1. Once both axes come from the Cα atoms, what is the angle between helix 180-193 and the longest principal axis of the chain, in degrees from 0 to 90, rounded to 10?
2. Angle between the Cα long axis of helix 77-104 and the longest principal axis of the chain, 0 to 90 degrees, nearest 10?
3. Figure the gain on full extension for D188 and A144 (residue separation times 0.36 nm, minus the Cα-Cα span) and round it to one decimal in nm.
4. For region 2-193, how big is the tail of P(r) above 21 Å, as a whole percent of Cα pairs?
5. Please give the calculated 222 nm ellipticity per residue for the chain, where each DSSP H segment of at least 4 residues contributes -39500 (n - 2.57) and the sum is spread over every residue; nearest 500 deg cm²/dmol?
6. Using only Cα atoms and rounding to the nearest 10 degrees, what angle (0 to 90) does helix 136-145 make with the longest principal axis of the chain?
7. If you average the C-alpha positions of region 118-175 and of region 1-61 separately, how far apart do those two centres end up, in angstrom?
8. Please give every one of the lysines within straight-line cross-link reach of K14, meaning a C-alpha to C-alpha distance under 20 Å, and leave out same-chain neighbours fewer than 8 residues apart.
Amino acid sequence: MKVCGLTGGVGMGKSTAAGFFSRSGVRVVDTDEIARRLVRPGRPALAEIQAAFGPDLLAPDGTLRREALARIVFASDPDRIKLETILHPRIREYWQAQIETWRREGCALALVVIPLLFETGAEPNFDKIICAACTPAARHERLAARGWNADQIRQRIAAQLPVEQKIARSHFVLWTDGSLASHARQVDLILTRL
């Protein structure tokens, strides 16, 4: 089985690309989805986050107040590292187990969507790495559409390796500025080369 990593900066089209790969029959696991599952009420990671960052991060229904946590961790490198120490090992364990399940099932190609692929040293786990990228203007527009202000955008971009470095270390680049049809064609091209 061939295992590929899909990375790229925040707001650069990874989720859209993952959707195209999935519709083409590729098995896809998304680390952002894993992270959301890990912080559901009753999960050990949520309890650790609450212990590390305080009880105010839980809403009355017991769910994580994600925006409140984001304000803390993207304003402070030590706090971001503290959160990553809680979540990253669990995330890696989950996606690696999923890959092994697919390997036993005889799957031909699997894709892990992992925004911090290079930052977490995950490169050796992948046969090929694909980077989704776009212009800074397109990225800013996409992130602003999420309701983020200029400070929030700057903080999130600063928390990741510059996209130019991700591109340089990847085997394939998906340029996501164009139409969805163009995006899909690029995915098809990459699939033919895999």
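No lab work stands behind these numbers, since they all come straight from the coordinates. A quick note: this is a predicted structure, and the numbers were derived from the prediction, not measured. Cβ: placed from backbone, ideal geometry, glycine included. Neighbour counts: every protein chain shown.
1. For helix 180-193, the angle is close to 70 degrees.
2. Approximately 40 degrees, to the nearest 10.
3. Roughly 12.9 nm would be gained on extension.
4. Details: 9921 of 18336 pairs.
Here the tail beyond 21 Å accounts for 54 percent of pairs.
5. Result for the chain: -16500 deg cm²/dmol, rounded to the nearest 500.
6. The answer is roughly 50 degrees.
7. After rounding, the separation between the Cα centres reads 16 Å.
8. K2, K128, K166
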